[in-house]
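A short worksheet on the structure shown next.
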Amino acid sequence: MCDNEARTEGGTFISQRNTDVPAQVTDLMDLTDLTTGRTDPTDPADCGAGLMAEACTLGEVLDHVGGKWSVPILLAAIDRPVRFTQLERLIQGISRRMLTLTLRNLERDGLLIRTVYPTVPPRVEYTATGMARELRRSLAGLTGWAEDHRADIAAARAAYDAGRDT
């Protein structure tokens, strides 16, 4: 589950999203797990060791579960099995590619089950797993909070931007 494409630069883990940040690779000995002697944090075997593994996993899980597109997908799939085209119509602004990538990540994380039915054309449904159903209350609460405070956040942004323009 660790981002195997990540690398260390300047003692910081840099994912592919932050590749334009110039930094110099430092000695990895300070990252050595004293119990295993492993030193490469980008090695999947090393990602499972210690505090770095917790940060890696937690960050990715929150990124996938709380992502812009993940929340509406999960909320839809928690209620009932959904098809790709249903999700595409339901979630305004999502591209087919982004929907595909998000569905794959959620399936990989064990939050969705993809079922392909042998029909012509093939019918594919996505169903929430038990682990995803546990998220219902949290996701609904987060979505409700965002709806309740949307105007407040817009006003705060406008006030902040107005203060920076002067």
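The values are calculated or read from the model by the stated rules, or taken from the named source; none is laboratory data. All values reported here derive from a predicted model rather than from experimental measurement. Here the Cβ positions follow ideal geometry from the backbone for every residue, glycine too, while neighbour counts run over all protein chains shown.
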Within segment 73-93, can you find the residues that are touching a helix residue (DSSP H, G or I) at 6+ places or on another chain (Cβ under 7 Å) and over 14 Å from E107 (Cβ atoms)? L75, A76, I78, E88, L90, I91
Scan segment 101-123 and give yes if some residue there is farther than 27 Å from W145 by Cα, surrounded by 15 or more Cβ atoms within 10 Å (Cβ to Cβ) and either in contact (Cβ under 8 Å) with a residue 40 or more places away in the chain or not assigned by TED's automatic domain parsing to the domain that holds W145 (or both), otherwise no. no
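Within segment 79-140, which helices (runs of 4 or more DSSP H) (wholly inside it) include 2 or more residues that are over 18 Å from the mean Cα position of the chain (by Cα)?
In segment 79-140, 84-90 are the helices (runs of 4 or more DSSP H) which contain 2 or more residues that are over 18 Å from the mean Cα position of the chain (by Cα).
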Answer with yes or no whether A151 is over 25 Å from the mean Cα position of the chain (by Cα) and exposed (fewer than 13 other Cβ atoms within 10 Å of the Cβ). yes
Residue hits (segment 124-141; surrounded by 14 or more Cβ atoms within 10 Å (Cβ to Cβ) and out of contact with any strand residue (DSSP E or B) (no Cβ under 7 Å at 6 or more places or on another chain)) are R133, L135, R136, L139
